[in-house]
Amino acid sequence: MNVLAIVGSKRMGSYNLQVAQAAGELLKQRHPNVTFTILNWDDVPFMNEDSEHPEPPAIARVRQAVRNADGVWLFSPEYNHAIPGPLKNLLDWLSRPVSATEGPVIVGKPVALSGASIGMSGAEHAQEQLACMLNYLNVRVMNKPRLCIPHVGSQAKGGVLKLDASAPYLERQADAFVRFIEAAR
């Protein structure tokens, strides 16, 4: 089983990146048959229909990674009670048909939603927006359980995240997502 993680923050020391890395380690321990990859999408251009065909090389690579994944796990912060702009842009690219004969690669994919924020929402507002948008795109969103980590800085020391309080919730979501993907096959 191949799980592709997409981190909505572009910051190198992002807490959401650290949560994704913890999820990858957790899956390796608990589900050795699962391959977990964090997508590098720093080179994705702004969505522009004028440059859609032929698809830019970065988009071809990202689409292939999504196509090869059995499930996609989104780890997103929340910016001003909303989805980060770069993540929305990536999802816009993934929502577009690949060609006249191939539809969007994200359609039908099982997706889990996680997020951490320095505020008290735990990125819940961004997750609600993501769920709404992904449901519209006919993505199979695992609505329960989701992982919302509020005040994420309280679980960090020197910028390094220790998921003490949130670890059981991450474990529960990881196990549930593996079952969700298996049920979708």
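Selection of first residues in the stretch 1-24 that are more than 21 Å from Leu91 (Cα to Cα) and of second residues that are acidic (Asp, Glu) and open to solvent by 10 Å² or more (accessible area, probe 1.4 Å), restricted to Cβ pairs under 7 Å at least 6 apart or on distinct chains, gives the following pairs, ordered by first then second residue: Met1/Asp70.
Conditions (1) aliphatic (A, V, I, L, M); (2) closer than 20 Å to Ala167 by Cα, marked per residue:
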{"position": "Ala65", "(1), (2)": "yes, no"}
{"position": "Pro86", "(1), (2)": "no, no"}
{"position": "Val105", "(1), (2)": "yes, no"}
{"position": "Ala116", "(1), (2)": "yes, yes"}
{"position": "Ser121", "(1), (2)": "no, yes"}
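Within the stretch 80-91, is there a residue that is open to solvent by 30 Å² or more (accessible area, probe 1.4 Å), modelled with pLDDT under 95 and either of a type outside the set (A, V, I, L, M, F, W, C) or on the phi > 0 side of the Ramachandran plot (or both)? Yes, there is a match, as at least one residue in the stretch 80-91 is open to solvent by 30 Å² or more (accessible area, probe 1.4 Å), modelled with pLDDT under 95 and either of a type outside the set (A, V, I, L, M, F, W, C) or on the phi > 0 side of the Ramachandran plot (or both). Entry remark, the stretch 127-185: residues being among the charged types (D, E, K, R), closer than 23 Å to Gly13 by Cβ and surrounded by 13 or more Cβ atoms within 10 Å (Cβ to Cβ) number 0 in total. Only a single item in (1) buried (at least 18 other Cβ atoms within 10 Å of the Cβ); (2) out of contact with any helix residue (DSSP H, G or I) (no Cβ under 9 Å at 6 or more places or on another chain) is not met by Gln64, and it is number (1). Selection of first residues in the stretch 146-171 that are of a type in the set (D, E, K, R) and of second residues that are part of a strand (DSSP E or B) and open to solvent by 60 Å² or more (accessible area, probe 1.4 Å), restricted to Cβ pairs under 7 Å at least 6 apart or on distinct chains, gives an empty result.
Between Ala126, Ala100, which is touching a residue at least 40 places away in the same chain (Cβ under 8 Å) and not basic (Lys, Arg)? Even if it seems obvious, please write down each step before you answer.
On the way: Ala100 fails: touching a residue at least 40 places away in the same chain (Cβ under 8 Å).
That would be Ala126, the only listed residue that is touching a residue at least 40 places away in the same chain (Cβ under 8 Å) and not basic (Lys, Arg).
The values are calculated or read from the model by the stated rules, or taken from the named source; none is laboratory data. Just so we're clear, the structure is a prediction, and the values are computed from it rather than from any experiment. All Cβ positions, even for glycine, are placed from backbone atoms using ideal geometry, and neighbour counts span all protein chains on display. Heavy atoms of the whole protein, side chains included, go into the accessibility calculation; ligands, DNA and RNA do not. Shrake-Rupley method; radii C 1.70, N 1.55, O 1.52, S 1.80 Å.
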